[in-house]
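Here, each number is a calculation from the coordinates, and none is a lab measurement. Fair warning: this is a prediction, and the values are worked out from it, not measured in the lab. When we count neighbours, we look across all protein chains shown, and the Cβ atoms used for this are built from the backbone with ideal geometry, even at glycine.
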Amino acid sequence: MRIKKKVFNVLNARLSGDAFGEKLDDFITSLIILNVMAIILASYQKISAYLGGFFTFFEVFSVLVFTIEYVLRIWTSNYLFPSDSKLKSALKFIFSPLGLIDFLAILPFYLPIFIKLDLRFLRLLRLLRLLRILKLKRYNRSLKLVVTVLRETWSDMGATLFVSFILMLVASSLMYNIEHEAQPEAFSNIGQAFWWAVATLTTVGYGDIYPVTALGKLLSGVIAVLGIGIVALPAGILSSAFMEKINKEKEKGQKENTSYKYCPHCGKPLDQHG
């Protein structure tokens with residue numbers, strides 16, 4: 001049991017403060033980043049032809065490391081998810097968000113070994129290897145902050161996205177009725193008009209579909225102006241939430257530092273005590 005607890009502390013260095021575990025976190029973080037870089041470089045035919053053997057070796061080595069980590073996390077899951085059954089603890093980890101990410105990081109390597117798949121699906125599996133970058137959430141404090149902020153502001157973000165969807169739906173319906181007769185091919189249905197609404201509301205403006213009638217241009221201008229405000233709402237919500245969270249983290253850090261510098265009973269600096 002001591003070995004199992006030690007392994008758990010190493011794998012969860014952010015919780016336990018294990019020195020070796022922190023170094024292991026840095027190693028796995030570097031390995032994940034290198035994996036993503038290797039996947040991108042392997043998409044270049046000239047580089048892949050020259051370094052194909054190295055990419056294959058690095059893939060096998062990385063999957064081996066990720067697999068060992070995944071198995072050890074399942075083995076020590078009863079410390080992270082206490083339960084009356086080891087199986088329940090293991091299942092809680094396996095189906096947790098981080099457990100699923102760890103599983104998807106190694107799935108593309110093992111699946112073709114056990115199941116015969118056509119080449120088109122294999123290409124999709126290669127793309128799924130990029131999901132390994134999601135593993136960084138466990139090791140990177142900044143990504144944890146992003147996920148925390150998104151989770152806390154999800155209801156507000158959902159409201160703004162719903163309002164945006166309603167606005168795009170109304171705008172695309174109006175534009176279809178205005179432009180359909182003038183441009184039956186460009187605005188043949190509300191679905192195509194919806195694409196115009198998305199491009200206009202987000203101020204991307206691809207220009208492949210645009211109104212030609214005076215009324216259509218007027219509506220397009222109104223939607224473009226509204227788009228500036230609608231798109232700014234989620235950005236404002238996220239930025240304010242980020243600033244609030246960062247300030248709380250700073251205040252928490254200052255309190256922790258202060259608690260070590262001053263006596264909790266008299267408030268005097270600790271170095272003044274005899």
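Observations on the structure shown:
- The range 154-261: C-alpha gyration tensor shape, a/c 1.5 cut-off, then a/b vs b/c: prolate
- One Cα centroid belongs to the range 178-199, the other to the range 17-52; the line between them spans 45 Å.
- For the listed peptides 48-59, 67-78, a ranking on the average number of other beta carbons within 10 Å per residue, highest first, reads 67-78, 48-59.
- Amide hydrogen neighbours beyond the local backbone of Ser83, cut-off 5 Å, H modeled: none
- Remark: the range 154-261 carries a charge dipole of roughly 680 debye about the Cα centre, counting +1 on each Lys and Arg Cβ and -1 on each Asp and Glu Cβ.
- For the range 193-246, applying the loop criterion from DSSP together with a ceiling of 12 other beta carbons within 10 Å to the chymotrypsin sites (Phe, Trp or Tyr not before Pro) yields Tyr206.
- Sorted by Cβ neighbour density within 10 Å, fewest at the top, the residues Phe8, Phe81: Phe81, Phe8
- Applying a DSSP loop filter and a limit of 13 other Cβ atoms within 10 Å to the GluC sites (Glu not before Pro) in the range 154-186 leaves Glu181, Glu185.
- Residue exposure proxy: Leu218, Leu233, ordered by other Cβ atoms within 10 angstrom of their Cβ from fewest to most, comes out as Leu218, Leu233.
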